[in-house]
Every structure is written in structure tokens, then in C-alpha cells.
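Working notes, beginning with the structure itself.
Derivation of every value follows stated rules applied to the coordinates shown; laboratory data play no part. Being a predicted model, the structure only gives us computed values, none of them experimental. Cβ placement follows ideal geometry from the backbone for every residue including glycine, while neighbour counts extend to all protein chains displayed.
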Amino acid sequence: MGYTLTILGCGVMGQAVLSAIYNAPVPATTEVAQLYPSKIIACNQDAASAKQVTELIESMENKSPNGIVVDSTFGNNVEAVKQSDVVILGVKPYIAEMVLNEVGPAIHSKLLISIAAGWTIEQLQAYTPTVSRVMTNTPAKFGYGCAVISHSSACNEEQKQTVSELISHVGKCIELPEKNMDAATALVGSGPAFVLLMLEGMMESGIKLGIPLKESLEASLKVLEGTAKMVEETGMHPGALKHQVCTPGGTTIAGLCVMEDNGVKSGIIKGIEEAANVAAKLGKKK
Ligand SMILES: NC(=O)c1ccc[n+]([C@@H]2O[C@H](COP(=O)([O-])OP(=O)(O)OC[C@H]3O[C@@H](n4cnc5c(N)ncnc54)[C@H](OP(=O)(O)O)[C@@H]3O)[C@@H](O)[C@H]2O)c1
């Protein structure tokens with residue numbers, strides 16, 4: 001331990017990543033422990049946002065298992081980057097260029113971890129050669145997130161390990177080539193919204209059939225959670241598990257046929273494809 005990590009833009013996602021790193025358990029070996037910062041500087045633009053980060057740390061009772069100290073600041077990007085070895089870019093994509101130009105030479109030769117949608121490794125390398133691109137999602141705030149990571153070829157093994165170790169605490173961490181990032185933006189970044197649409201549909205079906213809202217939501221939630229766990233624990237193909245639930249001539253196959261008839265599966269595939277198309281255009285706007 002001993003280096004400083006700066007988060008440039010510590011809003012919804014920045015705070016999710018901050019919480020995950022801050023609350024990470026003590027690693028089993030000193031080699032892994034060295035991958036953690038001793039200090040995190042959270043940078044925002046306004047005093048109100050900086051106060052929000054301070055309150056977040058206070059809500060965690062200032063107790064980081066790895067003894068990480070957090071300094072929440074605003075209007076202080078250049079000085080914070082100067083003090084750091086690793087920088088997380090957590091601002092909105094359309095603000096990223098302004099912030100990166102502002103910190104300018106201070107970021108050169110530092111490890112830059114970008115969570116900004118659409119910003120390619122090549123674009124980020126205009127500021128520093130060592131870049132890792134991460135696409136994560138809002139459940140990261142609760143440790144149930146997913147993160148897809150791509151590294152630039154300039155990153156050495158220790159830098160790749162640092163990124164994977166820090167980001168692993170958002171939940172599940174998957175390394176993929178950068179060509180998959182637009183798809184990951186749609187599947188992982190936007191994914192919670194698609195699942196919430198499914199959850200809402202199930203909940204409302206319960207209500208339509210006479211189950212009160214609270215109980216309908218509780219039941220729908222448990223079905224989603226339990227099914228995900230069942231796929232994870234059996235390692236079986238979702239289609240095979242689906243057919244295990246289908247009694248010949250029974251209720252499940254009847255419901256599935258109506259859903260297929262209404263294009264539920266192709267609607268999900270086309271929706272995620274469209275989100276990926278928009279993600280690809282985000283990168284080209286710069
Ligand atoms: N939200 C998601 O579901 C999601 C999912 C995947 C990826 N992402 C990516 O995560 C990134 C952040 O999104 P978000 O939802 O966390 O946005 P957000 O909540 O708006 O957070 C962005 C933060 O950046 C700060 N900021 C703005 N201008 C700044 C500046 N000049 N210097 C320093 N900080 C500045 C803002 O602070 P002030 O409030 O003080 O302006 C704000 O706290 C985006 O690039 C997005 O593509 C988001």
C-alpha cells in the first residue's frame with residue numbers, strides 16, 4: 001500500500017467504485033495488498049457533490065478494512081492528479097475531453113482507468129499510454145455489479161492486476177477485447193434497466209391477476225434472483241433449465257408460447273443491439 005488514487009468525477013458510478021474499493025476486505029497476501037491505494041482523492045465540480053462523497057464515507061463510519069483515507073474535494077482536478085499514481089475517469093462522456101485537457105500533462109505516464117462510455121482506448125491514449133477501459137453498472141454500488149475490462153497494450157502485468165483487483169470489488173469482473181466494449185456497454189451498463197423492465201412486467205402481471213403490489217414485487221424479485229442463482233450454480237444452459245420447467249401440455253409452455261408469439265426474446269436481443277449501436281456512435285461523436 002502507499003499510492004494515491006484520484007477519481008475525476010465522483011457521482012453515481014464514481015461513488016459505486018469508490019465504495020467498492022474502500023470496503024474491500026484485507027487481501028490474503030502482501031503482494032495483493034500493495035495493489036491498493038492508501039489514499040483516494042474524490043474530485044467533483046461543486047461543493048454539494050463533494051459533501052455528498054464526504055457523507056458517504058461518514059456513513060461507512062470511516063472504516064476502510066485496508067485503512068484507505070478519502071479526501072473529497074471540488075475544483076481541484078489538476079492538483080489531485082499531480083498527487084496521484086492512478087486516475088479513474090468518472091465524469092460523463094461529454095465532459096471527459098474538457099477534464100482530460102484540463103489535467104493535461106499531469107496525467108501523462110499515469111495509469112488511467114476510464115469508466116466513461118464510448119471513450120476508446122485510442123482516444124484516451126492521447127493523454128497517457130497506460131489506459132484501461134471499464135464498463136460497469138449501477139448494482140456495483142451494492143457489490144452486485146458487473147464490470148468488463150479492456151487494457152491498452154502499454155499496460156504492464158502489475159497495472160492490469162491493479163485494475164482487475166480494484167474493480168473486482170464492484171462484483172463480477174470480466175476481461176474482454178476492446179472490440180466487445182460497445183456490446184458490453186449495452187449488456188452490462190444498460191442491462192439493469194432491461195432487467196428492471198422485465199421485473200416491472202412480472203410485478204404488474206401479478207397485480208393484474210389480483211396479487212397486491214408489495215407481494216407481487218417480492219415474488220417477482222425472488223423469481224429473478226433464484227433463477228439467476230440456479231443458472232450460476234448448475235452451470236446449465238438457460239434453455240435446458242427452461243425445458244425442465246415445462247410439463248407437456250402445462251402452464252409454463254403455454255405462457256412461453258404466447259411470449260415467443262409476442263417477440264419477447266427478439267425484442268430483448270434487438271433492444272440490446274440498438275443500445276450497442278448508440279454506444280458505438282457515442283465514441284465517434286468526439
Ligand atoms: N450511471 C450508469 O448507469 C452508468 C453505467 C455505466 C457507465 N457509466 C459511466 O459512468 C460515468 C459517470 O456517470 P454517472 O452516472 O456516475 O454520472 P454522474 O452521477 O453525473 O457523475 C459525474 C460526476 O462528475 C462530476 N463532474 C462534472 N464535471 C466535473 C469536472 N469538471 N471536474 C470534476 N468532476 C466533474 C460531477 O460533479 P458535480 O455534480 O459537482 O458536477 C458528478 O459528480 C459516465 O461516463 C458514464 O458513461 C454510467
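For the chain, what does the relative contact order come out to in percent, with C-alpha contacts under 8 Å and a separation of six or more?
Dividing the mean separation by the residue count of the chain yields 16 percent.
Can you list the equivalent-ellipsoid semi-axes of segment 239-286, largest first and in whole Å, using the square root of 5 times each Cα gyration tensor eigenvalue?
The equivalent ellipsoid of segment 239-286 has semi-axes of 36, 11, 4 Å.
Can you sort 202, 230 from fewest to most other Cβ atoms within 10 Å of each residue's own Cβ?
So the residues, fewest neighbours to most, are 230, 202.
Please give me the summed charge of the neighbours of residue 113: other residues whose Cβ is under 13 Å from its Cβ, Lys and Arg +1, Asp and Glu -1.
Summing Lys/Arg as +1 and Asp/Glu as -1 gives +1.
Give the order of 7, 41 when sorted by the count of other beta carbons within 10 angstrom, beginning with the fewest.
Ascending number of Cβ neighbours within 10 Å: 41, 7.
Among bridges DSSP assigns within the chain, what percent are antiparallel (round to 5)?
Beta bridges within the chain, antiparallel portion: roughly 10 percent.
Name the residue farthest towards the positive end of the dipole of the chain from the options 107, 170, 202, assuming +1 on Cβ of Lys and Arg, -1 on Cβ of Asp and Glu, about the Cα centre.
Of 107, 170, 202, it is 202.
When a footprinting reagent is the concern and you count Cβ atoms within 10 Å, what order do 3, 22, 94 take, fewest first?
Arranged by neighbour count, lowest to highest, 3, 22, 94 become 94, 3, 22.
Name the residue, out of 190, 19, 216, whose mean-square fluctuation peaks in a Gaussian network model built on the chain with Cα pairs under 10 Å.
216
To the nearest Å, what is the center-to-center distance of segment 207-221 and segment 104-122, using C-alpha atoms only?
Each part's Cα centre sits 45 Å from the other's.
Report, by chain and number, residues whose modeled amide H sits under 5 Å from the one on residue 174, excluding near sequence neighbours (fewer than 5 apart, same chain).
Excluding prolines and chain starts, which carry no amide H, the hits are 147, 148, 149.
If amide hydrogens are placed 1.01 Å from N in the peptide plane, which non-local residues have theirs closer than 5 Å to the one on residue 42?
7, 71, 72, 73
With +1 on each Lys and Arg Cβ and -1 on each Asp and Glu Cβ, how big is the dipole of segment 3-178 about its Cα centre, in debye rounded to the nearest 20?
Using Cβ point charges on Lys, Arg, Asp and Glu, segment 3-178 gives about 200 debye.
About the Cα centre of segment 96-187, what is the dipole size in debye to 20, counting +1 per Lys and Arg Cβ and -1 per Asp and Glu Cβ, all else neutral?
In debye, rounded to 20, segment 96-187 gives about 220.
Which of these, 207, 272, 68, has the largest mean-square fluctuation under a Gaussian network model of the chain (Cα springs below 10 Å)?
Maximum among the listed residues: 207.
Counting each DSSP H run of 4 or more residues in the chain as -39500 (n - 2.57), what helix-only mean residue ellipticity at 222 nm follows after dividing by all residues, to the nearest 500 deg cm²/dmol?
The helix contribution divided over the chain gives -15500 deg cm²/dmol.
Where is the GNM fluctuation largest for the chain (alpha-carbon springs, 10 angstrom cutoff): 50, 228, 140?
For the chain, modelled as a Gaussian network with Cα springs under 10 Å, the answer is 228.
Take the residue pairs 63/92; 208/242; 141/229; 222/242; 51/229; 179/270 and return only those whose Cα atoms are more than 26 Å apart.
Check vs 26 Å cut-off fails for 63/92; 51/229.
With a length cut of 20 Å (Cα positions projected on each helix's long axis) and a Kyte-Doolittle mean of at least -0.5, go through the chain and give me the DSSP H helices that pass.
Result, helices passing both filters: 191-208, 213-234, 264-284.
With a cut-off of 8 Å between alpha carbons and a minimum separation of six or more residues, what is the relative contact order of segment 194-286 in percent?
Over segment 194-286, the number comes to 15 percent.
Can you tell me the Rg and the Dmax, both Å, for the Cα atoms in the chain?
Reported Rg and Dmax, both Å: 21.3, 68.
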